[in-house]
Amino acid sequence: MKKFLSILLAFLLTFSLAGCTKKQSSKEDTSPKDALEILTTVWSSYSDDNKFQAMGGDYNNMTDNKPGKFDVSDTESLRSLLIVPEDSAGLIDDSASLIHAMNANTFTGAAFHLSDPKTLNTFADSLKESVLGNQWMCGFPEVLLLAQIGDDYVVSAFGNTDLINYFKTQLTDQYPSAVILTEENL
C-alpha cells in the first residue's frame, strides 16, 4: 500500500509540476493574414465605453462600426482618406481602415501590407511626411502614430490624443511585438 501511495504521489506531483511550466501567452504574436485582421483584432479588444461611431473601408467597401477593406488601387481615396502619397501607394498590396464617423480628423486608423518588406521604412517615412505636411480641414488631428507589425505591416493612426493613446495600448496588447515607429504631435 505504501508503494502504491508513493507511486500515486509521484504521478500527481509530476503532472502538477507540469502544469506550472511556462505557459505561452494567449496573445501569441502570429503573422496576421491581412490588414483587416489587424484592425479587427484591435477594434474587437476595445471596451464598449471606448468605442465610437466609426466606419471602415473605402467608398466601395464601406462598413458600419467596424474596420473594412480598402481598395489599394484607388490611389485618390488612399491619398484623401488615409493620407498615403500617390508615389507610395504602389508599395502596398493590401489595406484596411477604421475612421471616426463624425470627423476623420478625430480618429483615422489604417493598416497596410507591404508587397516587399524591404520597402517598409520607405513607406513609413513617406506616410509620416505626408501626414505631417497635410493641409487639414475641419479641425486638426493632434497626434500621429505609426507602428510596425512583423516585417511587412505598417499601422497608422492620427487624431485625438486620448483616442490614439487607447488605440496604441490596444494595438500593443494584441500585438506585443509591434514596434512604435513614430509618435508625434501634429
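The values are calculated or read from the model by the stated rules, or taken from the named source; none is laboratory data. Note that the structure is predicted; figures quoted are calculated from it, not measured. Using ideal geometry, Cβ is built from the backbone for each residue, glycine included, and neighbour counts are taken over all protein chains shown.
Summary of computed values
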item: Residue check for S177: under 22 Å from F70 (Cβ atoms) and in contact with a Gly (Cβ under 9 Å, 6 or more places away or on another chain); result: no
item: Verdict on G109 being surrounded by 13 or more Cβ atoms within 10 Å (Cβ to Cβ) and of a type outside the set (D, E); result: yes
item: Which numbered condition D94 misses (of (1) touching a residue at least 24 places away in the same chain (Cβ under 8 Å); (2) farther than 21 Å from D34 by Cβ; (3) of a type in the set (D, E)); result: (2)
item: Residue list for the stretch 57-80, restricted to those being touching a strand residue (DSSP E or B) at 6+ places or on another chain (Cβ under 8 Å) and of a type in the set (S, T, Y); result: T63
item: Tally, over the stretch 142-167, of residues that are in contact with a helix residue (DSSP H, G or I) (Cβ under 6 Å, 6 or more places away or on another chain), surrounded by fewer than 23 Cβ atoms within 10 Å (Cβ to Cβ) and under 21 Å from T40 (Cα atoms); result: 6
item: Considering residues of the stretch 54-80 that are part of a strand (DSSP E or B) and in contact with a Gly (Cβ under 7 Å, 6 or more places away or on another chain) only, the residue farthest from V131 (Cα to Cα); result: T63
item: Test: G139 is surrounded by 14 or more Cβ atoms within 10 Å (Cβ to Cβ) and touching a residue at least 12 places away in the same chain (Cβ under 8 Å); result: no
item: Which listed residue is surrounded by 11 or more Cβ atoms within 10 Å (Cβ to Cβ) and in contact (Cβ under 8 Å) with a residue 40 or more places away in the chain, from N61, N50; result: N50
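For (1) part of a loop (DSSP other than H, G, I, E, B); (2) at pLDDT 50 or above, each residue gets a yes or a no:
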{"site": "I7", "(1), (2)": "no, no"}
{"site": "T14", "(1), (2)": "no, no"}
{"site": "Q24", "(1), (2)": "yes, no"}
{"site": "T30", "(1), (2)": "yes, yes"}
{"site": "K33", "(1), (2)": "yes, yes"}
{"site": "W43", "(1), (2)": "no, yes"}
